[in-house]
Amino acid sequence: MEKELTISLAEAQRETNKQIRLDYQKAYSDVELGSLKEALGIDFTEASAVANMKSHRFSWKKLAETARKISGQVREAVSENTVGQVLRGATIALANQWYELVPPEHEQIIMTQPSSMPIELYPIVQRGGMPRRAVRGENPAETDLKGIDQQLINFKFLGFARVERDLIEDDQVGVILQRIQDLGTLPQYVEDAWAMQRLIGSAGTVPGSGDLIPATQTKPSNESSWPWSTGLVGGGVNRLTTYAVMSEAGIQVLDVNAMNMVDLQGNKLLVNPTHLFCGTAYKWVIKQILESKNFMSTVPMNAIASGALGSATSVGTTFAANTLAGAYTPFVSRFLPVKSWGLIEAMKGMVFQRRSANELIQEAPNSSESLRQDAYIYRVKARWNTDWIDSRFGQLGSDGSV
């Protein structure tokens, strides 16, 4: 069979250009004959397949394109040779307990709600316009209602694992089954990566897999910048004018911005930040800021302008009381850009919607695919999405760029 296939390839080279042949060889090396049979309806183990490949109607270009397409989906099962260390007798399994999953984080600051549709609508209607003083002989001023019409599409997340039956049977420490069970909780890792990247609003990737996380997708058409802006519709400010490293002065600016936040009408909103969030670079900085009673600072505090520091005052010199102590709950995430930081009012403004719970399903061991590969096949599935609905309930000091 291999000889006949080699002859066919040589004939294809004469009938087509050299590049198509090279593409075929690269793609063919990554897939299984059975998968090509399912994709093209051709059984390469039969003599008739050789005759078909010699026919002028057979398209090598189509074969190469299809092979490339499915090569990213088909993988060999995890074999005994891959993790042979678990097969040895008298193996100590204690070290395997070191590799714990990162606990879910986003639920501490982001509202989670169930989803019953493929696309969830958020028709937010804010407070109406203020009544105005009436003047005799003139028509009274009219008030109106404004709102935000948002929608959030649920994405599907899938993962597959193939494990040789021999590997599970011969595993002396039971760690293979344990790692398979971990697949059911690994989606929480992806959830946190998405939630923290969407909190910042910029595009990123999931650590480990490199899967793309798009930038925020809920930008209203009437906003020039989203989710962070120095001029939201209505006049609100939810970021520093210029991103800066974390400081007590910068935190005070964001807090004052939150106190002066307004809705689309310009009405004052009641925004009270509850958490100071940051990446790992500021883990010890926020501990000192939020827990120490005094700062050894000789720099007086500044008045606060819109989105930035104003003129200096004479308040706050050496050993002055730390007014930020206990003001917020610290929130440090491994999934945030390491130098990012800001304030947020927990459970407001941003949502995590779950269409279906994370599930781990094993394919029937007697199914054709499992029998053919002599492997156990597992599938992980989840459907959800997360993003800002109204970013007026957050404040950003830095997106991690400074």
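List of remarks:
- Flag if Ser224 is modelled with pLDDT of 95 or more, assigned by TED's automatic domain parsing to the domain that holds Thr112 and part of a loop (DSSP other than H, G, I, E, B): no
- Strands (runs of 3 or more DSSP E) contained in segment 118-188 and holding at least 2 residues aromatic (Phe, Trp, Tyr): 155-164
- Among the residues of segment 235-259, those identified as free of Cβ contacts under 8 Å to residues at least 60 places away in the same chain and not in a helix (DSSP H, G or I) are Gly235, Ser247.
- The residue of segment 286-302 that is modelled with the lowest pLDDT, among those that are touching a strand residue (DSSP E or B) at 6+ places or on another chain (Cβ under 8 Å) and loosely packed, with under 12 Cβ neighbours inside 10 Å, is Asn294.
- For segment 263-280, the set of residues classified as of a type in the set (A, V, I, L, M, F, W, C) and modelled with pLDDT under 95 consists of Leu264, Leu269, Leu270, listed by residue number.
- Total residues in segment 329-342 satisfying the condition of being surrounded by fewer than 22 Cβ atoms within 10 Å (Cβ to Cβ) and in contact with a Ser or Thr (Cβ under 7 Å, 6 or more places away or on another chain): the figure is 5.
- Taking the criterion of being under 13 Å from Ala303 (Cα atoms) and of a type in the set (S, T, N, Q), the residues of segment 244-259 that qualify are Gln252, Asn257.
- Selection from segment 204-240 of residues that are surrounded by fewer than 17 Cβ atoms within 10 Å (Cβ to Cβ) and in contact with a Leu (Cβ under 7 Å, 6 or more places away or on another chain): Thr205, Glu223, Gly234
- If only residues of segment 241-255 that are out of contact with any Leu (no Cβ under 7 Å at 6 or more places or on another chain) and surrounded by 17 or more Cβ atoms within 10 Å (Cβ to Cβ) are counted, the one that is modelled with the highest pLDDT is Tyr243.
- Candidates in segment 369-402 are the residues that are touching a helix residue (DSSP H, G or I) at 6+ places or on another chain (Cβ under 9 Å) and among the small types (Gly, Ala, Ser); of these, the one that is modelled with the lowest pLDDT is Ser370.
- Pairs, first of a type in the set (Gly, Ala, Ser) in segment 260-285, second part of a strand (DSSP E or B), C-beta under 6 Å, six or more apart: Gly279/Ser340
- The condition of being in the same structural domain as Ala312 (by TED's automatic domain parsing), within 24 Å of the chain's Cα centre (by Cα), closer than 30 Å to Lys156 by Cβ and surrounded by fewer than 18 Cβ atoms within 10 Å (Cβ to Cβ) does not hold for Gly279.
Residue-wise test of (1) surrounded by 14 or more Cβ atoms within 10 Å (Cβ to Cβ); (2) assigned by TED's automatic domain parsing to the domain that holds Ser356; (3) touching a helix residue (DSSP H, G or I) at 6+ places or on another chain (Cβ under 6 Å).
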| residue | (1), (2), (3) |
| --- | --- |
| Arg127 | yes, yes, no |
| Glu138 | no, yes, no |
| Gly174 | no, yes, no |
| Arg179 | yes, yes, no |
| Pro187 | yes, yes, no |
| Ala195 | yes, yes, yes |
| Ser202 | yes, yes, no |
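- Wholly within segment 317-366, strands (runs of 3 or more DSSP E) carrying at least 2 residues that are among the polar types (S, T, N, Q): 350-362
- Some residue of segment 352-363 being over 17 Å from the mean Cα position of the chain (by Cα) and farther than 20 Å from Val190 by Cβ: yes
The values are calculated or read from the model by the stated rules, or taken from the named source; none is laboratory data. Note that this is a predicted model, so its numbers are computed, not measured. Glycine gets a Cβ as well: all are built from the backbone with ideal geometry, and neighbour counts include every protein chain shown.
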